1. With (1) under 30 Å from A:GLY311 (Cα atoms); (2) surrounded by 20 or more Cβ atoms within 10 Å (Cβ to Cβ); (3) within 14 Å of another protein chain (Cβ to nearest Cβ) as the list, and B:GLY216 as the residue in question, which single condition is left unmet?
2. Inspect all residues belonging to the stretch A:261-273 and state whether any of them is more than 14 Å from chain B (Cβ to nearest Cβ) and either surrounded by fewer than 21 Cβ atoms within 10 Å (Cβ to Cβ) or closer than 25 Å to B:LEU258 by Cβ (or both).
3. Could you name every one of the helices (runs of 4 or more DSSP H) located completely within the stretch A:188-248 that has at least 3 residues being acidic (Asp, Glu) and not assigned by TED's automatic domain parsing to the domain that holds A:ASN65?
4. So, in the stretch A:237-258, of the ones that are β-branched (Val, Ile, Thr) and more than 10 Å from chain B (Cβ to nearest Cβ), which residue ends up surrounded by the fewest Cβ atoms within 10 Å (Cβ to Cβ)?
5. Working carefully through the options A:SER233, A:SER279, find the one that is of a type in the set (Gly, Ala, Ser) and farther than 25 Å from A:ASN336 by Cα.
6. Inspect the stretch A:179-187 for any residue being part of a strand (DSSP E or B) and either without any contact (Cβ under 8 Å) to a residue 40 or more places away in the chain or out of contact with any Gly (no Cβ under 9 Å at 6 or more places or on another chain) (or both) and give the result as yes or no.
7. Please go through the stretch B:58-80 and pick out each residue that is surrounded by fewer than 18 Cβ atoms within 10 Å (Cβ to Cβ) and within 9 Å of another protein chain (Cβ to nearest Cβ).
Amino acid sequence: MEIYLLDNLDLLQQHLLIQHQLYQVIEDDNGQCSWQQQTKEGNAPLIAKLPQSSAKDFFFAEHENLLIFNGEYFQETLPKPAPFVLFGALSCDLTAISYQDKFFKDDPYYQARRQHCLLVGLDCVRPCQQGFCPTVDAGPGVREQSADIILHPLENQQWLVITTSDKGSEAVKGLALSVAHWHLLTQRDLVLHQCEQDFPDNTYITQAIDKLNSGEIKDSFWQQLAVQCLGCSGCTTLCPTCSCYSTRSITVESEQKKVIKQQRFWDSCLYEGFQREASFHNPSSDAGKRVQRFWHHKFGNEFFTEFNRHGCVGCGRCEQTCPGVIGIHSVMKRINSDA
Amino acid sequence: MLNHTPDAIELVDYIDDGEKARHYQFRLRNITSQATTYDWQSAQPGQFFMLNVPSIGEAAFTFTEPPNEQGEFRALIRQMGKLTHTLFTLPKGEILGARGPFGHGWPLEEIIGKNIIIIAGGCGLAPLVNLINGLIDNLADDQRVVLVYGAQSKRAQLLSPERERWQAHIKIYNTLNEIKDQYTLAENESQGTPLDIIDTAMSAFTKPPATALLCGPEIMMYRAAKQLVNKGMTNDAIFLAIERRMHCAVGLCGHCYLHEHYVCKKGPTFSWQELQSLV
């Protein structure tokens, strides 16, 4: 690990732009935040705001070609992205990327993109509206193993730049940076600790996780909850760790030739037909079972073992998007009060 | 890294069987000219492959005969959904795709040389064909194998030539759910479902079966497993092949989930011991 002081963030952005495409979270006039590509002509200010969509699409594309069939044989169509940087990703989303890295560790399409990406994390020094990252060990400070470079805002518009991987160290080479004093790391710890203290009391989430894993919650509770699930896939689309997908074939015909593409695209385990077979046998036709499985996938101890953490990173997007009001906070409160 | 890309195969031949079902013979196209991407020769009884029908997609099927040295293999396929409806319209010689073998098949260490009761319903006999053929080829003198096969009707029965051939080596009970008034049941036939004949089948053993293998509609398998436990078999001696919708077959797409497991990787064969807490 190396630590540096940076007076002007623009210098780092311009430096990274020499060899990378650079994406950053931008806020529009309506207050909506999204990942957008930045150019050398001018960089928007770095903001510690959660974008509506997480960064998972950068690696696990919402839809992508897996292969083509030319009538004789099948050919893999691996993506060949230019090197890119996610500049200013927040800790919850970076934790989700680490989670997905494990899940997709052997998937060539995910890895083709992931290996070309430099992750520059941004510490959150103030709680966000729906987030509860400290409760699920996913923030507010960026975890060393989840980013290549960590940015921490200091007073007087200065930045602490922490390189946490060889890739990160390599990326800042050639940039005139002054080495920072170690006490700034201690100062960072204090700021992050204070930020954790500033989060509202989320012990009801921890209590609900325990209850969920106790096996005491009756099926009837999940069925009641499922009445409010519209099966819209808003939660699974925005959840940075959701990874279910389906495949489809698309035929492209021209005068000269016919090519068949096989695509994969994001799917949702909350759709009624997610597990329905050709015979119409459907093991998860019961909406209550689908909702139960979704929350177990996020908080069940049975999944914890594989990933050494829960499948929820505390971003709160499901709460913000769910039209049926059964996002994380609502469900955890209901588990405590009704289950 | 995982491979999502199928090997090209040729639809060599097919024979109709039962109602809207066919035995398909396929051949890997590049088996003699170059190494295939998959280890086809390692296929074990009860494992499955993903058949790719270009322009439609992929679906999982089991081998009734695993790939031989010439890359030829067979599968019993029932016309059910979009993919199989398209497959049934395709002529011999058509180029398709296949990935596999996938999953965990039947537990051979619990089967070879032991007394076995097999209970299959409808198309559920397909994943057992390769296994039964192997058992018969290597049947020990004191080994007893009993098959209970249930079909909806005489017309719906599958694999009649195979069952005829097996009859000389193993005891077979056939059940028919529906029979026509004028139909006379044969000696090894009875009306009902496999569940109605399990007690009789168990009495065919002088020494109780060490292992039970079940494949068919899930509700039938679960009831059969409970009956076998009531007859004294242990939960870890009963094995069931579970069917689930699959898109990737490599534990990524999520469609075949069974609690924290994915049937494509953990299954499709589960012991009743494992399965009871999952269903």
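The values are calculated or read from the model by the stated rules, or taken from the named source; none is laboratory data. Here the structure is a predicted model, which means the values were calculated and not measured. Every residue, glycine as well, gets a Cβ built from its backbone with ideal geometry; the counts of neighbours run over all protein chains shown.
1. For B:GLY216, the failing item is (1).
2. Looking through the stretch A:261-273, none of the residues is more than 14 Å from chain B (Cβ to nearest Cβ) and either surrounded by fewer than 21 Cβ atoms within 10 Å (Cβ to Cβ) or closer than 25 Å to B:LEU258 by Cβ (or both).
3. The helices (runs of 4 or more DSSP H) meeting that bar number zero.
4. Of the stretch A:237-258, the ones β-branched (Val, Ile, Thr) are A:237, A:241, A:247, A:250-252.
Next, from what is left, pick out any that are more than 10 Å from chain B (Cβ to nearest Cβ): A:237, A:241, A:252.
On the way: A:THR237: 19, A:THR241: 23, A:VAL252: 10.
Among residues in the stretch A:237-258 that are β-branched (Val, Ile, Thr) and more than 10 Å from chain B (Cβ to nearest Cβ), the one surrounded by the fewest Cβ atoms within 10 Å (Cβ to Cβ) is A:VAL252.
5. Details: A:SER233 fails: farther than 25 Å from A:ASN336 by Cα.
Testing whether each residue is of a type in the set (Gly, Ala, Ser) and farther than 25 Å from A:ASN336 by Cα leaves just A:SER279.
6. Taking every residue of the stretch A:179-187 in turn, at least one turns out to be part of a strand (DSSP E or B) and either without any contact (Cβ under 8 Å) to a residue 40 or more places away in the chain or out of contact with any Gly (no Cβ under 9 Å at 6 or more places or on another chain) (or both).
7. Of the stretch B:58-80, the ones surrounded by fewer than 18 Cβ atoms within 10 Å (Cβ to Cβ) are B:65, B:68-70, B:79-80.
Passing the criteria: only B:MET80.
Residue-by-condition table, conditions (1) under 18 Å from the mean Cα position of the chain (by Cα); (2) part of a loop (DSSP other than H, G, I, E, B); (3) within 11 Å of A:GLY88 (Cβ to Cβ); (4) among the acidic types (Asp, Glu):
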| site | (1), (2), (3), (4) |
| --- | --- |
| A:TYR23 | yes, no, yes, no |
| A:ASN30 | no, yes, no, no |
| A:ILE47 | yes, yes, yes, no |
| A:SER53 | yes, yes, no, no |
| A:ALA61 | yes, yes, no, no |
| A:ASN65 | no, no, no, no |
